[in-house]
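What follows is a short report on a single structure.
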Amino acid sequence: MASIRFLGAAGTVTGSRFLVEAAGRRVLVDAGLFQGMKELRLRNWEPFPVPPDSIDAVVLTHAHIDHSGALPLLVRSGFRGEAFCTPATADLARIMLPDSAKLQEEEARYANAKGYSRHAPRALPLYAAADAEAALERLRTLRYGRPREVLPGFTLRYSRAGHILGSASAMLTVAGESGDPIRILFSGDLGRYDAPILPDPEPPPESDFLVVESTYGDRVHPAATAAAELEREVLAAVARGGAIVVPAFAIGRTQEVLFLLRELEHAGRIPSLPVFVDSPMASDATPVYRAHREDHDTQMDALLDRGVEPLSPRRLTFTRTTDQSKAINHVHGPCIIISASGMATGGRVLHHLERRLPESSTTILLVGFQAAGTRGWRLQNGAPTLRMHGKDVPVRARVISLPSFSAHGDRVEVGRWLDGAPRPPRRTFCVHGEPVALAAQAAGIAARGWEVHVPVHLESVELG
Ligand SMILES: [Zn+2]
C-alpha cells in the first residue's frame with residue numbers, strides 16, 4: 001500500500017515536508033523549516049513525526065529554507081540516506097544551509113544574553129554549522145528530465161519550476177499494492193511566466209496524484225511588468241535626488257533586480273547609477289546564478305553567448321566587509337542599495353534604513369512578500385516611525401511596493417500550469433498556502449471537474 005503523509009505546509013505556507021511510503025520504504029519530499037508565527041516555529045523543535053533514521057531518502061524541490069532547512073536537523077537526528085536535488089539547488093544549499101545554521105546559533109546566543117531559554121540554563125541552537133556541513137554531504141544531484149531510481153521501487157524525475165535557480169517539480173513513481181506504478185507529482189514552488197533569467201515552469205507530466213502549491217491561490221498579480229514598474233520608480237527616485245533602498249532576499253530577488261537594472265540601463269531607459277549589493281550571501285549567490293546555464297531562459301543564454309554580463313549593471317559594487325558596507329553611508333545623490341533581509345527583519349539593510357529613512361529624497365522599494373508584523377510590513381502600511389537598534393527612526397522616505405516581483409505564480413498562472421497536464425490526476429492536493437488561498441485554489445481546481453482535497457497537518461492519505 002502506498003501512502004502520503006502531510007508533515008508540513010498543510011494549511012500554511014512554510015515547513016514543506018511530505019512523506020511518501022511504498023514497498024516498505026520512506027521518502028521525504030522536501031525537508032523545510034517552519035517560519036513566521038511563533039506557534040509554527042515551535043514545530044521545528046518538536047520530535048520529527050517519524051524517526052529520522054526510518055527515512056530512506058530525501059528529495060528536495062529547491063533550496064529555500066522552508067523546503068530544505070530541516071535537512072541538517074534530520075541528519076543530526078539520525079537520517080543517513082541520500083538527499084536528491086538539482087545541481088543548482090546543491091550549489092545554493094551550500095550557501096544557504098550554513099547561513100541558516102549561523103542564524104540558529106545567533107538566535108541561541110541572543111537568548112542566552114537576554115536570559116531566556118527553553119533549555120535552561122543555556123539555550124541551544126536548533127542546529128549548528130557542523131550539522132549543516134553533514135547535511136551537505138548527503139546531497140546527490142540529478143538533472144532535469146533524467147529519471148533515476150533513487151531507491152529500489154522509487155523513481156524520481158525533475159522538471160523545471162521557474163521559481164528560483166535550480167527549482168523543480170518532482171515526479172515520484174512508486175509501486176502500488178497491485179504492483180502497478182503510481183505517479184505522484186509535487187509541483188514544488190511554481191514561478192511566474194515570462195520572468196527574467198529563468199525559463200517558464202514546464203507543463204506537468206501525466207500523474208495519478210498531484211500535490212500543488214497555493215501561495216497565491218486567491219490572488220492575481222498586476223498586469224504591469226516588473227521592468228516597467230522598476231523603470232518608473234527609478235526615474236521618480238532620480239528626480240527626487242535620493243537613494244533607492246531595496247530590501248531583498250539575497251537569492252532570487254536580488255539577481256532579478258540586477259538583471260532588470262542592466263536591461264533598463266542598456267536600453268537607455270534609466271541613467272547608469274551606482275548600484276551596491278550589500279550582502280555577503282547575495283555576493284556568493286550571484287555567480288551561482290550566472291554559472292548554471294541549464295537553468296537559464298533563452299534571453300539570459302543569448303546575452304551570455306554575446307559576452308554580456310546579464311547580472312552586472314555598469315556601476316555595480318558587491319560589498320562584503322562591514323567597512324565597505326558603512327562606506328555606502330557617505331554616498332550622496334541617487335544610488336541603488338540592495339541589501340538583505342527582504343522583510344527588514346534583520347541584516348545589513350537595517351543600517352541603510354536607519355541612515356536613509358529620515359530623508360524625504362529616499363525611495364524604499366519593497367520587491368517581496370512582507371509578512372504581517374515585520375518592519376517591511378510596517379513600512380508598507382505607512383508606519384510614521386520604525387524601531388531599529390533601540391531607536392524610533394522617522395520615516396520621511398517614499399515607500400513603494402512592487403508586487404510584480406513575486407517569485408510565485410498567481411491563480412491564473414497556476415491555472416495555466418494545470419492546463420498543461422495531459423489528463424486530470426485521480427486526486428489533487430492543495431498545500432503551501434494560507435487557509436483563504438488554499439480554499440480559493442481548491443475551488444478553482446474543483447471547477448475544472450478535478451477531484452481535490454486540502455489536507456490538514458499530519459493527515460495521511462492512502463494512494464492505492
Ligand atoms: Zn520557494
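The values are calculated or read from the model by the stated rules, or taken from the named source; none is laboratory data. The model shown is predicted, which means the values in this text are computed figures rather than measured ones. Heads up, the Cβs are rebuilt from the backbone with ideal geometry, glycines too, and the neighbour counts pull from every protein chain shown. SASA here: full protein model, heavy atoms, side chains in, ligands and nucleic acids out. Shrake-Rupley method; radii C 1.70, N 1.55, O 1.52, S 1.80 Å.
For the chain, what is the accessible area per residue in Å² when the probe is 1.4 Å?
That works out to 40 Å² per residue.
Leaving ligands, DNA and RNA out of it, report the carbon-plus-sulfur percent of the accessible area of the range 1-120 at a 1.4 Å probe.
Roughly 49 percent, rounded to a whole number.
Working out 0.36 nm times the residue gap between Ala327 and Ala228, then minus their Cα-Cα distance, what length gain in nm do you get to one decimal?
Numbers: separation 99, 0.36 × 99 = 35.64 nm, distance 3.07 nm.
Here the segment from Ala327 to Ala228 would lengthen by 32.6 nm.
If I fit a long axis through the Cα atoms of helix 253-266 and take the longest principal axis of the Cα atoms of the chain, what angle between them do I get, 0 to 90°, rounded to 10?
Between helix and principal axis, roughly 50 degrees.
Could you tally the net charge around Phe6, taking each other residue with its Cβ under 9 Å from the Cβ of Phe6, Lys/Arg +1 and Asp/Glu -1?
With Lys, Arg at +1 and Asp, Glu at -1, the net is +1.
Counting only other residues whose beta carbon sits under 10 Å from that of Ser360, what net charge do I get with K and R as +1, D and E as -1?
+2
As an exercise, identify the trypsin sites (Lys or Arg not before Pro) in the range 319-427 lying in DSSP coil whose Cβ has no more than 15 other Cβ atoms within 10 Å.
Taking the range 319-427 and a limit of 15 other Cβ atoms within 10 Å, the loop trypsin sites (Lys or Arg not before Pro) found are Arg320, Arg396, Arg426.
What relative contact order, as a whole-number percentage, does the range 361-456 give when Cα pairs under 8 Å and 6 or more residues apart are counted?
Details: 96 pairs, mean separation 22.4, N = 96.
About 23 percent, as a whole number.
For the range 1-78, calculate the relative contact order in percent as a whole number, restricting contacts to Cα pairs under 8 Å that are 6 or more residues apart.
About 29 percent, as a whole number.
Considering the range 1-144, what Rg and Dmax in Å follow from its alpha-carbon atoms?
Final numbers for Rg and Dmax: 15.1, 51 Å.
With the contact rule set at Cα under 8 Å and sequence spacing of 6 or more, what percent relative contact order holds for the range 302-421?
About 21 percent, as a whole number.
Full extension from Arg143 to Phe318: what is 0.36 nm times the residue separation minus their Cα-Cα distance, to one decimal in nm?
Fully extending the segment from Arg143 to Phe318 adds 60.0 nm.
Cross-chain or 8 or more residues apart, Cα under 24 Å: how many lysine pairs in the chain fit that? Count them up, please.
6
Would you calculate, for the chain, the mean residue ellipticity at 222 nm contributed by helices, counting each DSSP H stretch of 4 or more residues as -39,500 (n - 2.57) and dividing by all residues, to the nearest 500?
Calculated mean residue ellipticity at 222 nm is -9000 deg cm²/dmol.
Using r as the Cβ-Cβ distance of Arg306 and Asp419, and R0 as 22 Å, what FRET efficiency do you calculate, to the nearest 0.05?
Working: r = 34 Å, r/R0 = 1.56.
My answer for the efficiency is 0.05.
For the chain, go through all pairs of different Cα atoms, get the mean of 1/r, take its inverse, and jot down that Kirkwood value in Å.
Working: mean 1/r = 0.0437 Å⁻¹.
Final number for the Kirkwood radius of the chain is 22.9 Å.
Given points 7 Å out from each Cα along the Cα-Cβ axis, report the Glu177 to Glu459 separation in nanometres with one decimal.
2.0
What percentage of the solvent-accessible surface of the range 244-332, computed with a 1.4 Å probe over protein heavy atoms, is contributed by carbon and sulfur atoms?
The C+S portion of the solvent-accessible surface of the range 244-332 is 52 percent.
Using only the alpha-carbon atoms, how far is helix 435-446 inclined from the longest principal axis of the chain? Give it as 0 to 90 degrees, nearest 10.
60
Accessible surface of Arg143 in the full protein assembly, 1.4 angstrom probe, to the nearest 10 Å²?
That residue has around 110 Å² of solvent-accessible surface.
What's the FRET efficiency of Ala130 with Thr155 using the Cβ-Cβ distance as r and R₀ = 35 Å, to the nearest 0.05?
It comes out at approximately 0.60.
Helix 87-114 against the longest principal axis of the chain: what's the angle in degrees, Cα atoms only, rounded to the nearest 10?
So the helix axis and the longest Cα principal axis differ by about 70 degrees.
At a Förster distance of 30 Å, what's the computed FRET efficiency of Met1 paired with Ala291, Cβ-Cβ distance as r, to 0.05? Intermediate results must be reported in sequence, preceding the final value.
Details: r = 43 Å, r/R0 = 1.44.
Calculated transfer efficiency: 0.10.
Computing the accessible area with a 1.4 Å probe over protein heavy atoms, can you report the carbon and sulfur percentage for the range 363-454?
Answer for the range 363-454: carbon and sulfur cover 53 percent of the accessible area.
Residues with beta-carbon under 12 Å from that of Ala129, excluding Ala129: net charge, scoring Lys, Arg +1 and Asp, Glu -1?
Spelling it out: positives minus negatives among the neighbours equals -3.
Per 0.36 nm of contour for each residue apart, how much would the distance between Lys102 and Thr385 grow if the chain were fully extended, relative to their Cα-Cα spacing?
98.9 nm
Can you list residues whose amide H is under 5 Å from Ile364's amide H, if they're 5+ apart or on another chain and H is modeled 1.01 Å from N?
Close amide H contacts, sequence-distant or interchain: Val245, Arg398, Val399, Ile400.
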